[in-house]
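**Q** Let me give you the structure first, and then I'll get to my questions.
The values are calculated or read from the model by the stated rules, or taken from the named source; none is laboratory data. Just so it is clear, the structure is predicted and the values come from calculations on it, not from any experiment. FYI the Cβ positions are ideal-geometry reconstructions off the backbone, even for glycines, and counts take in every protein chain you see. Surface areas here come from the heavy atoms of the whole protein model, side chains and all, with no ligands, DNA or RNA. Shrake-Rupley method; radii C 1.70, N 1.55, O 1.52, S 1.80 Å.
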Amino acid sequence: MQIVILPTADDVADYGAQLFIRQLTKHPQSVLGLATGSTPLALYRLLIHACQQQQVSFARARTFNLDEYLGLAAEHPQSYRYFMQQHLFNAIDILPENTAVPDGSAADPVAACQQYEQQIAAAGGIDLQLLGLGRNGHIGFNEPSSGLRSRTRIKTLTPATIADNARFFQPDEYQPHLSLTMGIGTILDARKVLLLATGANKANAVQAMIEGPLTAACPASALQLHQHAIVVLDEAAAAQLADIEFYRHIERENQALLHRLANQ
Ligand code: F6R
């Protein structure tokens with residue numbers, strides 16, 4: 001795991017956006033894995049700005065989102081498809097047919113999950129997967145106890161996740177308790193994974209993910225197995241890390257090495 005600790009949440013968004021822009025500049029036909037939630041919003045705003053300034057194009061890219069609520073149609077304002085249209089897709093040059101979100105209103109959601117896996121495989125796999133982190137250590141909707149090699153499937157949300165996401169629903173509105181989510185195995189198959197976490201309420205989950213044991217009790221700890229996982233944190237999210245000075249030291253060494261190589 002590469003651990004990058006930056007002063008503020010804006011710096012985290014900027015770092016993430018630069019990584020996406022570099023990926024698309026080098027490989028315009030990249031397959032991108034995307035996330036919803038509060039964390040990626042600032043990154044998406046930067047990508048929209050870069051696209052509008054013609055610094056990056058999504059015209060040849062494909063995207064696969066991590067998850068969707070089971071029972072919400074694409075047009076539902078709380079669906080993750082709707083979120084993606086509002087916060088990214090409508091404002092960039094991506095072709096609508098090249099964006100995929102699990103189908104929350106599929107007549108046969110079990111089959112829809114299998115098809116989602118097949119679609120990802122047919123696209124050649126995911127080049128760069130963006131992740132947020134749940135306070136309980138979830139990635140996608142892979143809640144604690146999720147199988148570490150799981151594939152896209154239906155998952156029951158924990159009461160903690162339902163409570164965390166209740167802020168997006170009206171008090172009298174139906175809030176789904178089930179989701180369709182890429183599995184941990186699906187996420188681990190991505191060639192590169194970028195997890196962003198900001199704010200003090202993520203600090204315990206960040207500590208468990210990086211310094212805790214590999215365990216289904218903290219699904220994000222599975223990233224310890226990934227060969228190219230980058231975790232970008234602001235100071236508040238990094239605050240519970242026991243070895244924080246060591247991670248800063250490694251990152252300074254990495255940057256110095258890259259600088260030396262670039263100037264050879
Ligand atoms: C969203 C997702 C979730 C969120 C996580 C953090 O597609 O898969 O795992 O990334 O719940 O959410 P925020 O960013 O709202 O704190």
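**Q** With a/c under 1.5 counting as rounded, go ahead and sort the stretch 80-220 into rounded, prolate or oblate using the C-alpha gyration tensor (a ≥ b ≥ c being the square roots of the eigenvalues; past the cut-off, prolate if a/b is larger than b/c, else oblate).
**A** Rounded is the answer for the stretch 80-220, as its axis ratio a/c remains below 1.5.
**Q** Would you please classify the overall shape of the stretch 78-141 from the alpha carbon gyration tensor, given that a ≥ b ≥ c denote the square roots of the eigenvalues, rounded means a/c under 1.5, and beyond that prolate means a/b larger than b/c while oblate covers the rest?
**A** It is rounded, given that a/c, with a ≥ b ≥ c, falls under 1.5.
**Q** For the chain, what does the accessible surface come to per residue with a 1.4 Å probe? Please give it in Å².
**A** Each residue of the chain exposes 47 Å² on average to a 1.4 Å probe.
**Q** Specify whether the C-alpha gyration tensor of the chain places it in the rounded, prolate or oblate class, a ≥ b ≥ c being the square roots of the eigenvalues: rounded for a/c under 1.5, otherwise prolate if a/b is larger than b/c and oblate if not.
**A** oblate
**Q** Counting GluC sites (Glu not before Pro) as exposed when in a DSSP loop with at most 13 other beta carbons within 10 Å, what is the longest stretch of the chain free of them? The partial results should precede the final answer.
**A** Values: sites that count: GLU75, GLU173.
The answer is 76-172.
**Q** Still on this structure, I have one more. Checking a compactness column here: for the stretch 195-264, what do you get for Rg(Cα) / (2.2 N^0.38 Å), N being the number of residues?
**A** Values: Rg = 13.7 Å, N = 70, 2.2 N^0.38 = 11.1 Å.
It is 1.24.
**Q** Between ASN65 and residues 5 or more places away or on another chain, which pairs have amide H atoms under 5 Å apart, with H built 1.01 Å from N, and which residues are they?
**A** Sorted by chain and number, the residues that satisfy this are LEU34, ALA100, VAL101.
**Q** Rounded to the nearest 500 deg cm²/dmol, what is the calculated helix-only ellipticity per residue at 222 nm for the chain, with -39500 (n - 2.57) per DSSP H run of length n ≥ 4?
**A** Helix contribution divided over all residues of the chain: -11000 deg cm²/dmol.
**Q** Tell me, what ³J(HN,Hα) does each residue in the stretch 143-152 have, in order and in whole Hz, if you take phi through Karplus 6.51 cos²θ - 1.76 cosθ + 1.60 with θ = phi - 60° and put x for Gly and Pro?
**A** Computed from phi, the couplings for the stretch 143-152 are 7, x, 5, 5, x, 6, 10, 5, 10, 4 Hz.
**Q** Oh, and also: Amide H of LEU148 versus every other amide H placed in the peptide plane: which residues, excluding those fewer than 5 positions away on the same chain, fall under 5 Å?
**A** Excluding prolines and chain starts, which carry no amide H, there are no hits.
**Q** Take the Cα of ARG60, step 7 Å along the line toward its Cβ, and report every residue of the stretch 5-48 whose backbone nitrogen sits under 14 Å from that point.
**A** 23-31
**Q** Run through the stretch 173-260 and list the chymotrypsin sites (Phe, Trp or Tyr not before Pro) located in a DSSP loop whose Cβ has at most 13 other Cβ atoms within 10 Å. Walk me through the numbers before you get to the answer.
**A** On the way: sites: TYR174, PHE246, TYR247; in loops: TYR174.
For chymotrypsin sites (Phe, Trp or Tyr not before Pro) across the stretch 173-260 that sit outside H, G, I, E and B with at most 13 neighbouring Cβ atoms in 10 Å, the list reads TYR174.
**Q** With springs only between Cα atoms under 10 Å, which of GLN170, GLN52, GLN29 fluctuates most in a Gaussian network model of the chain?
**A** Of GLN170, GLN52, GLN29, the most mobile in the Gaussian network model is GLN170.
**Q** For the stretch 117-177, which trypsin sites (Lys or Arg not before Pro) pass both filters: DSSP loop (anything but H, G, I, E, B) and at most 13 other C-beta atoms within 10 Å?
**A** ARG149
**Q** Given H placed 1.01 Å from N in the peptide plane, which residues other than close sequence neighbours of ILE126 have an amide H under 5 Å from its amide H?
**A** ARG191
**Q** Can you send over the carbon and sulfur percentage of the accessible area for the chain, probe radius 1.4 Å, protein chains only?
**A** It is 52 percent, rounded to a whole number.
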